[in-house]
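A short worksheet on the structure shown next.
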Amino acid sequence: MKTKIMPVLLAFLCMGFGDVVGPLVGLVKDSFNVSNFQAQFMTFSGMIMFGVLSVPLGVLQDRKGKRFIMNLGLVLALAGLIIPVLNGMYGPRTDLASAGSGKFYILFFAILLLGAGATTLQVVGNPIMRDVSPPGRFSSNLSLGQSVKAVGTSLGFLLPPFALKYFDLDWSVLFPVYSVLIIINLLWFNAAGIAGQEPEKRERASLASCAALLGNGYVLMMVSAIFLYVGAEISMSSGVPILMKEQFGIAEVGLWVTWALFLLPIVAGRFAGGLIMRKLRPERFFIITVMVAVTGLIFMFLNVKFLTFFGIVLIGLGFANIFPIIFSITIDRMPERSNELSGLMIMAIAGGAFIPPVMGFVADHTSLLAGFLIPFAAILYLLWTAMINLRKI
């Protein structure tokens, strides 16, 4: 079983590459000299495919199987990463602002494909983790997988400053590095012979059966929670580097500071969460983590440097396990509908496409700090969702 978990965990690492849209916002803003709204629109390019493809992929997965969908996701992501390399964006420093809008739109298309690949990997990765997990370990293993995903996301924050400082390479070095890792995953997954278990079927999933699930009030609530959570997380990961630069004057190592304050607590929190959920019911852990995130956001709005930094750490710790908790609680309630539920909940990741541009719009027309009211409102909804789940146990 462990030999089959490892290539699945590597697939979670590759899922994290789709989250490169977070740190890319600040990098694109500087490289192409665009507004907060335009830069945040990069998240729309990366995340919109979750809204467009997830449910059809859940249906296709029900018919073709998880192995086919995993390979499809890896190939799509690889295609998205190779396009920038073929168009000269692969590491050497270039003046992108003077290159015209051509490279800007090429980058949008490449991120669109990368988002399609990440969408596909999310649709298959979460339920296939259930297949390769021992009984009673799905929630904890899913949290472990999400922590590995956060490591993949972390590369988007750690690698660009490192490449610039020591090798005079710009942030586009991410594309060839990610490509190599996806090729390794593609080969390893197929060599491991993972097929995925399919439940005894009452009827094949369809777009209609997926849509019908949204008529279930509980499913709709949990899908909405995923939508708002992902929007809040991408808003934070894209907004904090800009906050570091514009409010605290931390520019050159702003991504490293953001990683240390926000992504590192997410990684640590997910590893810890995998252990905690072996002892504590996910419904109880859900409300604890959301309350930690709410506390962190309140500290941010006090506009005191130390409290802002501490608040960002708390937000990272609070955010760490929200996705795997919501996903596993929902799947465990209706395991026979796992493919459809997976499609719906991964579709909800499209919140990362819509909420950050709203935050950017608010920031452009009020203040950068006021823009963070958008993720704060999203987390208040999650607090209500956590309270509802706590009453159900």
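Residues checked against (1) charged (D, E, K, R); (2) part of a helix (DSSP H, G or I); (3) over 29 Å from THR308 (Cβ atoms); (4) without any contact (Cβ under 8 Å) to a residue 60 or more places away in the chain:
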position: GLU340; (1), (2), (3), (4): yes, yes, yes, no
position: MET347; (1), (2), (3), (4): no, yes, yes, no
position: ASP364; (1), (2), (3), (4): yes, yes, no, no
position: PRO375; (1), (2), (3), (4): no, yes, no, no
position: TRP384; (1), (2), (3), (4): no, yes, no, yes
position: ASN389; (1), (2), (3), (4): no, yes, yes, no
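Taken over region 302-322, the criterion of being closer than 12 Å to VAL290 by Cβ and assigned to a helix (DSSP H, G or I) is satisfied by LEU314, ILE315, LEU317, GLY318, PHE319, ILE322. Restrict the check to region 3-19 and report whether at least one residue is touching a residue at least 24 places away in the same chain (Cβ under 8 Å), among the small types (Gly, Ala, Ser), in a helix (DSSP H, G or I) and farther than 17 Å from VAL124 by Cβ. No, because not a single residue in region 3-19 is touching a residue at least 24 places away in the same chain (Cβ under 8 Å), among the small types (Gly, Ala, Ser), in a helix (DSSP H, G or I) and farther than 17 Å from VAL124 by Cβ. On the stretch given as region 97-127, residues that are open to solvent by less than 10 Å² (accessible area, probe 1.4 Å), within 19 Å of LYS29 (Cα to Cα) and at pLDDT below 85 total 1. Residues that are open to solvent by 10 Å² or more (accessible area, probe 1.4 Å) and in contact with a Pro (Cβ under 8 Å, 6 or more places away or on another chain) within region 315-348 comprise LEU317, PRO335, GLU336, SER338, listed in sequence order. Scan region 64-93 for residues that are open to solvent by 60 Å² or more (accessible area, probe 1.4 Å) and either touching an Asp or Glu at 6+ places or on another chain (Cβ under 7 Å) or small (Gly, Ala, Ser) (or both) and jot them down. ARG93 - this is the single residue of region 64-93 that is open to solvent by 60 Å² or more (accessible area, probe 1.4 Å) and either touching an Asp or Glu at 6+ places or on another chain (Cβ under 7 Å) or small (Gly, Ala, Ser) (or both). In region 259-282, the count of residues that are of a type in the set (D, E, K, R), modelled with pLDDT of 85 or more and either more than 20 Å from the chain's Cα centre (by Cα) or under 30 Å from LYS29 (Cβ atoms) (or both) is one or more. Among the residues of region 349-378, just one is within 15 Å of the chain's Cα centre (by Cα) and surrounded by fewer than 24 Cβ atoms within 10 Å (Cβ to Cβ), namely PHE354. Taking region 212-233 as the search range and keeping residues that are without any contact (Cβ under 8 Å) to a residue 24 or more places away in the chain and either under 21 Å from PHE319 (Cα atoms) or in a helix (DSSP H, G or I) (or both), which one is nearest to the chain's Cα centre (by Cα)? Residue satisfying both the conditions and the ranking: LEU220.
The values are calculated or read from the model by the stated rules, or taken from the named source; none is laboratory data. Source: prediction; values computed, not measured. Heads up, the Cβs are rebuilt from the backbone with ideal geometry, glycines too, and the neighbour counts pull from every protein chain shown. The accessibility values were calculated without ligands, DNA or RNA, using every heavy atom of the protein model including side chains. Shrake-Rupley method; radii C 1.70, N 1.55, O 1.52, S 1.80 Å.
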